[in-house]
1. How would you rank Val125, Val71, going from fewest to most other Cβ atoms within 10 Å of each one's own Cβ?
2. Expected output is a single nm value to one decimal: the length gained when fully extending between Ala31 and Met174, i.e. 0.36 nm times separation in residues minus the C-alpha distance. What is it?
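FYI, it's all coordinate maths here, none of it is from the lab. A quick note: this is a predicted structure, and the numbers were derived from the prediction, not measured. We place every Cβ from the backbone using ideal geometry, glycine too, and count neighbours over all the protein chains shown.
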Amino acid sequence: MSKTLRNWLIALGVIVILGGWAVSSHNNFVALDVNVDTSWAAVEAQYQRRFDLIPNIVNSTKAVLAQEQKVFGDIAEARTRYAGAVGKNTAESVAAANQLESAVARLLVVMENYPQLKSNETVQVQIAELAGTENRITVARERYNETVSDLNKAVRSFPSNLIGKMFGFEEKEMFKAAPGTEKAPVVDMTITQ
C-alpha cells in the first residue's frame, strides 16, 4: 500500500470519526431539547389542571365570601392572563402562572379565616384537590429544571458546545419563583362601613 493511499485512508478515518461525533452530539442536543419541551408540557398540564379547578373553588366560596370580591376579581384576571399566555414562550407562561398562584394563595388565606368554609365538605374536597395539584406542579417544575440543566450543561460544555452553536441550540431558562413569593400573602379581613 502506498504512503499516499495510507494517508488518505487515515484522513478519511479521522473525518468519519469526527462526523460520527458531530452527528452523535447533534442527536444528543435534539434529545435534550425534546426532553425540555416535554417537561415544560408536563408543567403546563398541571397548570391547566389548576386552572380548571379554580373556578369550582371560587364558585363554592363566592356565596359565603361576598365581601372578598377583590380576590375573586384577581383570580379571574390571572386566569385570563394565563389562558392568553399558554402556548407562547415559557417566560410569559411562568409570569402568568405566578400571578395566578399569588391570587390563589390569597384565596386560601381568606378561606382559612372563615370557619363556615372549613366545614363545607365540597370546598374541602376541592381544596384538597388543589393542594394535590400544587404538589404535582412542584414535581413537574423540578423535572423541568432537571432537563433544562442537562441541556444547559451540554450547551456550555466543550467540545459539545461547538456542535450546539453550529446547530443553534441555546441555553433555556430554568423555572424560578417570582420575586416576593417567599412572603406569605396578607389579607385584610376588616370590613369597612
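1. Lowest to highest Cβ neighbour count: Val125, Val71.
2. Values: separation 143, 0.36 × 143 = 51.48 nm, distance 1.75 nm.
Working it through step by step, the gained length comes to 49.7 nm.
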